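The structure appears right after this line, and notes come after that.
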Amino acid sequence: MFALVDKWKSSEATQKQFCAEHEVKVGTFAYWVAKHKRAGSSDPAGGFVDVDIFGSADSAAVRITYPNGVVVSCQAEPALIGRLIHLA
């Protein structure tokens, strides 16, 4: 949703106009605008990020870095990660 907030900021539309064009409720959008402002950046902290897989196809090291700096690392199979993502 942060990407949509960034898109609105670069437009000349009011929040109401932008929400109508993108079929988003004004109240929901206002919540995300405020959350974006509190985050203090235009990074997609609550959105999707690119994932690069290095190593063999059988097993790869997985490292997740959260916006607050917490890092989680482990060995995992890409197929398992895919199945876990689909469960979410």
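No value in this document is a laboratory result; all are computed from the given coordinates. Computed from a prediction, not measured in an experiment: that's the story for all the values here.
Taking θ as phi - 60° and the Karplus parameters 6.51, -1.76 and 1.60, the scalar couplings of the stretch 27-32 work out to x, 5, 5, 4, 4, 6 Hz in sequence order, x denoting glycine and proline. Close amide H partners of V62, meaning residues 5 or more places away or on another chain with modelled amide H under 5 Å apart, are C74, Q75, A76.
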